[in-house]
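**Q** Below are the structure tokens for one structure; questions will follow.
The values are calculated or read from the model by the stated rules, or taken from the named source; none is laboratory data. Note that the structure is predicted; figures quoted are calculated from it, not measured. Here the Cβ positions follow ideal geometry from the backbone for every residue, glycine too, while neighbour counts run over all protein chains shown.
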Amino acid sequence: MNAPADVPLELQPRDLEPYRRGNTGIDWVHRFDSGQPGPHVLVNALTHGNEFCGMVAATHLLDEGIRPRIGTLTVSFANVAAYQSFDPARPFDSRQLVHNMNRIWSSAWLDGDEDSPELRRARELRPVVAAADHILDLHSTSQDVQPFWVYPAYARNGAAARTIGRPAVHLVMPQGLGSGTPLIQHGAHGTDAHHGVALVAECGQHFRRETGELAVEVTLDFLAHFGLIEREWSAVQAPTRRFELLQTWVVQDPSFRFERPLVGFETFDEGELIATDGTREVRAMCDHCTVLMPTREPIVGREGVYLARPID
């Protein structure tokens, strides 16, 4: 069951070939230097090939000729190879070709001996990510849930997400992701001493039109926050809800199943059974234990569910 009948395919790929030639010597990477002092901001799209909202935002920046008034703006399309493999009959399959491109940003992976389209591309993009002061990595979710920020629990990240104001839900990672190193924790961005903000914006369900629209708005808000563009905007005055990531459960057995259907943000009492994974049980780690991004199709070696607790 890869493509439920109720999945809307309102967002679909567009031809990215006109965007291949940037000005950095790296395909699908475009950099604009204002000539004025200011931060270097990276807007990254398509870390996962079927998360089209980032493509919508990145092409908007390029098509509209948006240029920084201070500092430097870099716009990148990451896993274009997976994006180009999209099949509307199996729309979830183009997330990746071999490796999850948002789990391989450690030295162990990037300097290791393994090879894949994702590793080759991450190695190409490594200097692009390292050069940025601030990073916005645009993502979407398989289930139709409320958009949310994801970021390491550094004060600088939380402050920026709160000030930008949308999405109003935050998933904070005090110990990292637990299943690999995401792009926003590559190199210095994964240290407390670094000055730069690095955020993932999960903008909504992969294929909904409004997910792309939100990605554009969040991107413009992010650039305005750091002064790269002038924009009439005010933070959305919605109550902020924050969750702390407690555990990332990686599927270990093909028999993995949830005790009841989940889409995300359901809560469980401490000790309540959430899922079984072969002979193992996934149980709530606290009262009001909240599940995020439950897998819609369990695959051994990939994330099954995130367990979190509310902290606001």
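**Q** So, of the residues in the range 179-206 that are within 15 Å of the chain's Cα centre (by Cα) and in a loop (DSSP other than H, G, I, E, B), which turns out to be nearest to residue 42 (Cα to Cα)?
**A** Among residues in the range 179-206 that are within 15 Å of the chain's Cα centre (by Cα) and in a loop (DSSP other than H, G, I, E, B), the one nearest to residue 42 (Cα to Cα) is 197.
**Q** Let me ask another. Tell me, please, whether a residue that is in contact (Cβ under 8 Å) with a residue 24 or more places away in the chain, over 22 Å from residue 32 (Cβ atoms) and of a type in the set (A, V, I, L, M, F, W, C) can be found in the range 214-228.
**A** yes
**Q** Tell me whether the range 81-90 contains one or more residues that are among the acidic types (Asp, Glu) and either in contact with a Phe, Trp or Tyr (Cβ under 8 Å, 6 or more places away or on another chain) or farther than 24 Å from residue 190 by Cα (or both).
**A** Yes - at least one qualifying residue is present in the range 81-90.
**Q** Of the residues 38, 22, which is in a loop (DSSP other than H, G, I, E, B), assigned by TED's automatic domain parsing to the domain that holds residue 118, modelled with pLDDT under 95 and farther than 26 Å from residue 88 by Cβ?
**A** 22
**Q** Under 8 Å between Cβ atoms, at least 6 apart or on separate chains: pull out the pairs that start in the range 147-166 with a residue that is part of a loop (DSSP other than H, G, I, E, B) and end on any residue that is of a type in the set (Asp, Glu).
**A** These pairs meet every condition: 147/202; 153/244; 154/192; 165/221; 166/217; 166/221.
**Q** Please go through the range 261-294 and give me each residue that is under 23 Å from residue 90 (Cα atoms), among the β-branched types (Val, Ile, Thr) and buried (at least 20 other Cβ atoms within 10 Å of the Cβ), ordered by number.
**A** Selection gives nothing.
**Q** Just wondering, is there one or more residues in the range 67-79 that are in a helix (DSSP H, G or I) and either surrounded by fewer than 18 Cβ atoms within 10 Å (Cβ to Cβ) or in contact (Cβ under 8 Å) with a residue 24 or more places away in the chain (or both)?
**A** no
**Q** Moving on to the next point. Identify all residues within the range 188-215 that are surrounded by fewer than 17 Cβ atoms within 10 Å (Cβ to Cβ) and small (Gly, Ala, Ser); write none if there are none. Walk me through it before giving the result.
**A** Applying the first criterion (surrounded by fewer than 17 Cβ atoms within 10 Å (Cβ to Cβ)) to the range 188-215 yields 188, 191-195, 209-210.
Hits for the range 188-215 are 188, 193.
**Q** Against the condition in a loop (DSSP other than H, G, I, E, B), in contact (Cβ under 8 Å) with a residue 40 or more places away in the chain and crowded, with 16+ Cβ neighbours inside 10 Å, how does residue 299 come out, does it pass?
**A** So residue 299 does not fit the description; no.
**Q** Restricting the range 127-172 to residues that are of a type in the set (D, E, K, R) and within 17 Å of the chain's Cα centre (by Cα), which is farthest from residue 196 (Cα to Cα)?
**A** 144
**Q** Scan (1) closer than 29 Å to residue 300 by Cβ; (2) loosely packed, with under 14 Cβ neighbours inside 10 Å for the single condition residue 245 breaks and write down its number.
**A** (2)
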